[in-house]
1. How charged is the neighbourhood of A38? Take every other residue with its Cβ under 13 Å from the Cβ of A38, and add Lys/Arg as +1 and Asp/Glu as -1.
2. If you stretched the chain out fully between A77 and A52, how much longer would it get, using 0.36 nm times the residue separation minus the C-alpha to C-alpha distance?
Amino acid sequence: MVRLALLDSGQRLAVRAAAERAIADEAVADVSGPEAEALRALAAEELRSAVAGLPASLRSPVELYYFAGLDVASTAAALGLGLEAVKSRLLRARRRLGRILGDTAQPDGR
């Protein structure tokens, strides 16, 4: 993806992994051991699948802001949108992901 070229691949992978871990850790807070690892992997896959299912207008800001680690201004610049448009799309995406994944797996508003 051209828009993700703003960060090198190592940075993107690290930020994406951290976001997925945070979601997965919240989903398995009361479980430990191998079962927890399996649940974390499942939660991360569910998150990736849910984000992939978003329309591009919501998916792109999520990918840049949460997974690539860009701030709102950089996300807006990369997408050619205003700051308020990006904030609105992130809010709508979080709400939609919350409905898809359940409220406990919803990304925080950072």
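1. Details: positive: R40; negative: E35, E37, E45, E46.
Around A38, the surrounding residues sum to -3.
2. Numbers: separation 25, 0.36 × 25 = 9.00 nm, distance 2.19 nm.
Result: 6.8 nm gained on full extension.
Bear in mind that the values in this text are calculations on the coordinates, not laboratory data. No experiment lies behind these values; they were computed from the predicted model shown. Because the Cβ atoms are built from the backbone with ideal geometry, glycine has one as well, and the counts that use them run over all protein chains shown.
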